[in-house]
């Protein structure tokens, strides 16, 4: 069975500093995709970044980067130069080949950026 | 930019009422999804559709039905609303790109509907 684990229910970071949100996963699929989403208090789920299991390089999107360590089955999100608007819930999710369309979500990490 | 819209941000209904939640996407995506999100339980898939008139049950389909008559529109129906269906409902759509192990299907979400059943 596939599973996503986010062990940090909440985190603080000082504005302009970098922060790492942890995500580990478990799957027997040889090929899979990993996603990070941001959910502000307004409720919408915003796609941030994607990493494919075959991708050789870590994904980056602006201030977001994904620290992908396949052997350790971890896909941590790094946010550089935190901004007040980064305060939100962050979800790690996974799709497996056999799972076809379904995304498995972690329980989320609430990030609070301090001014 | 992908745009997924949902008919209501907030909805209050009474027990036993029939409830329709509408979702529309403007990017010609084949796949559409309905999730519910509850504290402590995370996001759970209710139903999804991979083509017009096609639907598949997700993890928690009981008490719900769906309709997809047009590619851009995916409706979630609560035939007889109950208090345990009070939740945040999120619609998403995706387009399959790549093939096999390199297939990427990023799901893009709507703003969500907070439903309260009294």
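General remarks:
- Flag for residue A:94 being under 29 Å from residue B:46 (Cβ atoms), at pLDDT below 95 and either surrounded by 17 or more Cβ atoms within 10 Å (Cβ to Cβ) or in contact with a helix residue (DSSP H, G or I) (Cβ under 9 Å, 6 or more places away or on another chain) (or both): yes
- Scanning region A:27-38 for residues that are outside any loop (DSSP other than H, G, I, E, B) and more than 9 Å from every other protein chain (Cβ to nearest Cβ) turns up A:34, A:36, A:38.
- Among (1) within 23 Å of residue A:50 (Cα to Cα); (2) within 12 Å of chain A (Cβ to nearest Cβ) - the single one residue B:56 does not satisfy: (1)
Listed here are the residues, each with its yes/no results for (1) surrounded by fewer than 16 Cβ atoms within 10 Å (Cβ to Cβ); (2) over 15 Å from residue A:110 (Cα atoms); (3) at pLDDT below 95.
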{"position": "A:6", "(1), (2), (3)": "no, no, no"}
{"position": "A:43", "(1), (2), (3)": "no, no, yes"}
{"position": "A:48", "(1), (2), (3)": "no, yes, no"}
{"position": "A:62", "(1), (2), (3)": "yes, yes, no"}
{"position": "A:66", "(1), (2), (3)": "no, yes, no"}
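Conditions tested, residue by residue: (1) without any contact (Cβ under 8 Å) to a residue 40 or more places away in the chain; (2) under 19 Å from residue B:107 (Cα atoms); (3) within 11 Å of chain B (Cβ to nearest Cβ).
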{"site": "A:40", "(1), (2), (3)": "no, yes, yes"}
{"site": "A:44", "(1), (2), (3)": "yes, yes, yes"}
{"site": "A:47", "(1), (2), (3)": "yes, yes, yes"}
{"site": "A:52", "(1), (2), (3)": "yes, yes, yes"}
{"site": "A:64", "(1), (2), (3)": "yes, yes, no"}
{"site": "A:68", "(1), (2), (3)": "yes, no, no"}
{"site": "A:74", "(1), (2), (3)": "no, no, no"}
{"site": "A:78", "(1), (2), (3)": "no, no, no"}
{"site": "A:84", "(1), (2), (3)": "no, no, no"}
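- The strands (runs of 3 or more DSSP E) falling completely within region B:1-49 that include 3 or more residues that are farther than 26 Å from residue A:106 by Cβ and more than 14 Å from the chain's Cα centre (by Cα) map to B:10-13.
- Residue within region B:73-88 that is within 12 Å of chain A (Cβ to nearest Cβ), at pLDDT 95 or above and closer than 30 Å to residue B:14 by Cβ present: yes
- Flag for residue A:112 being crowded, with 21+ Cβ neighbours inside 10 Å, away from every other protein chain (no Cβ under 14 Å) and in a strand (DSSP E or B): no
The values are calculated or read from the model by the stated rules, or taken from the named source; none is laboratory data. Here the structure is a predicted model, which is why all the values come from computation and not from measurement. Reconstructed Cβ throughout: ideal geometry from the backbone, glycine too, with neighbour counts over all protein chains shown.
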